[in-house]
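Derivation of every value follows stated rules applied to the coordinates shown; laboratory data play no part. Computed from a predicted structure; not experimentally measured. No Cβ is skipped: glycine too gets one built from the backbone with ideal geometry, and neighbour counts run over all protein chains shown.
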Ligand code: HEC
């Protein structure tokens, strides 16, 4: 009886330890996978080349001049609106996290895929993980945007 008990004890701790090793390493692998996929890397590079100058590498912006992207309530408003900001630019008076900004944001230059990668990087990285967009959606918004006056300002 004692032998069975010992066997059972060793068996169950064995199973437990296998799980405690497998589950955390699986999560780490999944996280690394997300961070190393080519769309994420492209978004990171594009963001740092095209946006970080004003919005800063960490998305904190510059108080009073360039609004923050990190934890921005404006970002959570409407995915289509934000895609339009990237494609068509923005020259308006906006309130971001309670502060007013009246600047000019030029349209981001790049292919539909590059814009989608920047968009997805921005939402993944700056605490707004809720949204993602495809290059097809970007292309549709771009086509529609050509009919609006807004783009003409920035031609
Ligand atoms: C030359 C400076 C500059 C650059 C470069 C720039 N922005 Fe902006 N951005 C602004 C300004 C200024 C505003 C506010 C515009 C207004 O007041 O109408 C803004 C607004 C925004 C907003 C909406 C407000 C918010 O904070 O949520 C988003 C999103 C955004 N920019 C993302 C980007 C991304 C992504 C890039 C890179 C492709 C980029 N910006 C490049 C200056 C810049």
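Hydrodynamic estimate: the Kirkwood radius of the stretch 79-118 over Cα pairs, inserted into Stokes-Einstein at 10 °C and 1.306 mPa s, corresponds to D of 145 µm²/s. Taking packing as the residue-averaged number of other Cβ atoms within 10 angstrom, the listed peptides 39-46, 59-66 run from highest to lowest as 39-46, 59-66. A P(r) calculated from all alpha carbon pairs of the stretch 38-153, with 5 Å bins opening at zero, reads 2, 12, 23, 27, 22, 11, 3, 0 percent.
Going by neighbour counts of Cβ atoms within 10 Å, the residues 50, 80 line up, fewest first, as 80, 50. Per-residue extension of 0.36 nm, minus the Cα-Cα distance of residue 113 and residue 100, leaves a gain of 1.6 nm for this segment.
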